[in-house]
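The values are calculated or read from the model by the stated rules, or taken from the named source; none is laboratory data. Computed from a prediction, not measured in an experiment: that's the story for all the values here. Here the Cβ is made from the backbone with ideal geometry for all residues, glycine too, and neighbour counts use every protein chain on show.
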Amino acid sequence: MEEIHIASQILFQLGPIPVTNSILATWLGMAVLIGVVALATRQLSMIPGTMQNAAEAVIEALYGLVQQVTLDRAKTKQFFPYIATFFLFILILNWTGLLPGFGSIIAHTGSGEFPLLRAANTDLNTPLAIALISVLGTQILAISALGLGRHMRHYLHFVPTFEGVINFFVGLLHILGEVAKVLSFSFRLFGNVFAGEVLLIVISFLVPYIVPVPFYALELFVGMIQALVFTMLTLVFLTNATMVHETEGSH
């Protein structure tokens, strides 16, 4: 039975940078995403072909989703590239991790024998990096929309009154909330994808061949749901970050 490791394994070094099997899988996912986009946009036409039609359907669905949350055309145009990139990147990483060869192709290194490819989101470092980009990106876009001073008053704004003291401590709780978002995003994505990988390994070992097929279909669905949940939470937090400030600014 294939061994289950929490940490990813180092395959080689690029100068001082260690390259793990999960990083290699991330690069593969990026290459797949870039390749699909290149094929879909290679010959743009008013009468789209299959690839262009599929790409347009996905983009329209995501754009409509952002519009439904923001209810603001200007914000939709600003947030859409950020949100769509999150969804597609996480989805591709989740789905490529189910391809044949992940976990089964072995690389021989100086430290031992390890899988050449490991699903990127089963390494906590990847979900953590995505979560940090989500939270920091939300802050940057909020500052861009509202200005630094107006945005920071939501977190650090002290007035020497009783209400001002209360608001100061509420602001500190908001800062803790941003840290909690990073942890929540990271462990939710990591936990679900890692649990799915463990399930597939166990099922494939106990009952190989035909029986694992429905579980692979289930993991395709779970991979899409996890990408959608991460994306929707990011979108809601981003929209809320601007709406709250706008409301405060009107008082």
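Filtering segment 190-197 for residues that are within 13 Å of ASN121 (Cα to Cα), in contact (Cβ under 8 Å) with a residue 24 or more places away in the chain and either under 11 Å from the mean Cα position of the chain (by Cα) or surrounded by fewer than 18 Cβ atoms within 10 Å (Cβ to Cβ) (or both) leaves a non-empty set. Of the listed requirements (1) at pLDDT below 90; (2) under 25 Å from PRO115 (Cβ atoms), VAL159 misses just one: (2).
Looking only at residues of segment 5-29 that are over 22 Å from GLY191 (Cα atoms) and touching a residue at least 60 places away in the same chain (Cβ under 8 Å), we find that the one that is surrounded by the most Cβ atoms within 10 Å (Cβ to Cβ) is LEU11.
Quick check on segment 160-174. Is at least one of its residues more than 22 Å from LEU235 (Cα to Cα), within 25 Å of the chain's Cα centre (by Cα) and of a type in the set (S, T, N, Q)? There is no residue in segment 160-174 that is more than 22 Å from LEU235 (Cα to Cα), within 25 Å of the chain's Cα centre (by Cα) and of a type in the set (S, T, N, Q). The set of residues in segment 30-42 being over 21 Å from the mean Cα position of the chain (by Cα) and either surrounded by 11 or more Cβ atoms within 10 Å (Cβ to Cβ) or outside any loop (DSSP other than H, G, I, E, B) (or both) consists of ALA38, LEU39, ALA40, THR41.
How many residues does segment 50-70 hold that are more than 15 Å from VAL236 (Cβ to Cβ), over 20 Å from the mean Cα position of the chain (by Cα) and surrounded by fewer than 16 Cβ atoms within 10 Å (Cβ to Cβ)? Counting residues in segment 50-70 that are more than 15 Å from VAL236 (Cβ to Cβ), over 20 Å from the mean Cα position of the chain (by Cα) and surrounded by fewer than 16 Cβ atoms within 10 Å (Cβ to Cβ) gives 5.
Scanning segment 201-221 for residues that are closer than 17 Å to ASN94 by Cβ and in contact (Cβ under 8 Å) with a residue 40 or more places away in the chain gives ILE201, TYR216, GLU219, LEU220. Taking helices (runs of 4 or more DSSP H) as the structural unit, those lying wholly within segment 95-206 and holding at least 2 residues that are of a type in the set (Val, Ile, Thr), at negative phi and out of contact with any helix residue (DSSP H, G or I) (no Cβ under 6 Å at 6 or more places or on another chain) correspond to 125-146, 162-206. Given the criteria outside any helix (DSSP H, G or I) and small (Gly, Ala, Ser), does SER45 qualify? Considered against the rule, which asks whether it is outside any helix (DSSP H, G or I) and small (Gly, Ala, Ser), SER45 comes out as yes. Return yes when VAL244 is hydrophobic (A, V, I, L, M, F, W, C), in a helix (DSSP H, G or I) and modelled with pLDDT of 80 or more and no when it is not. For VAL244, the condition - hydrophobic (A, V, I, L, M, F, W, C), in a helix (DSSP H, G or I) and modelled with pLDDT of 80 or more - is not met.
Here segment 198-212 is the region considered, the condition is being in contact with a Phe, Trp or Tyr (Cβ under 9 Å, 6 or more places away or on another chain) and hydrophobic (A, V, I, L, M, F, W, C), and the residue that is surrounded by the most Cβ atoms within 10 Å (Cβ to Cβ) is LEU200.
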